[in-house]
Amino acid sequence: MERHRQRIEWVCWHYADGEVSLFKDLMQESLLVLWRRLESLREGSNSLKELAWVTWQCRSACSRFLRHKTPQWVSLDEVTEIPDEDSDHGELIEELTEDLNPKEQEVLKHTLKGLKSKEIASAMHIDPAEVSRIRYRMVEKMRKTYEKHYKS
């Protein structure tokens, strides 16, 4: 790891985008991942393959770390707990969902009915992975709308 420290730092700095505290967290996470996976590096690998392996492991570790270190979300569970549109929250639901495209609105409708991803995929004749992608985009749009209008 010491031999490739410069590459590890470069990858972490790239993902930290100049934020020093995040850089330190990414370095720690990357070094930990590299240490855990060191046995998977084949003995006798040439230095170029070794460098590629280190770079790949660091990029994966940084990406995974940043995915799990996300800002506060408006979760789909919170939306499903809001009462129907006749309540005081009807305006909020309408505003949060107005930017959703028809496919996202259909996924939301099925989710509010309590269907699981596989059931939604079957009902919409799409792949379950596509349902996950739609849900992610949908929640992201709703979160941005919520933050824009209701957070100070």
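The values are calculated or read from the model by the stated rules, or taken from the named source; none is laboratory data. Source: prediction; values computed, not measured. Counting neighbours? That spans all protein chains shown, and the Cβs are built from the backbone with ideal geometry, glycine included.
Within 30 Å of residue 121 (Cβ to Cβ), at pLDDT 75 or above, under 23 Å from the mean Cα position of the chain (by Cα) and surrounded by 12 or more Cβ atoms within 10 Å (Cβ to Cβ): does that describe residue 65? Reasoning before the result, please.
Details: within 30 Å of residue 121 (Cβ to Cβ): yes; at pLDDT 75 or above: yes; under 23 Å from the mean Cα position of the chain (by Cα): yes; surrounded by 12 or more Cβ atoms within 10 Å (Cβ to Cβ): yes.
So residue 65 fits the description; yes.
For the stretch 81-105: of the residues being assigned to a helix (DSSP H, G or I) and under 21 Å from the mean Cα position of the chain (by Cα), which is modelled with the lowest pLDDT?
Applying the first criterion (assigned to a helix (DSSP H, G or I)) to the stretch 81-105 yields 81, 90-97, 102-105.
Still in the running and under 21 Å from the mean Cα position of the chain (by Cα): 96-97, 103-105.
Details: 96: 76, 97: 79, 103: 89, 104: 88, 105: 87.
By that ranking, first place goes to 96.
Restricting attention to the stretch 23-42, does a residue exist that is at pLDDT below 85 and either in contact with a Phe, Trp or Tyr (Cβ under 7 Å, 6 or more places away or on another chain) or surrounded by 18 or more Cβ atoms within 10 Å (Cβ to Cβ) (or both)?
yes
Any chance you could count how many residues in the stretch 119-135 are part of a helix (DSSP H, G or I) and farther than 22 Å from residue 97 by Cα?
Start the filter on the stretch 119-135 by keeping residues that are part of a helix (DSSP H, G or I), which leaves 119-124, 128-135.
Filter once more, so that each one left must be farther than 22 Å from residue 97 by Cα: 122.
Here the count works out to 1.
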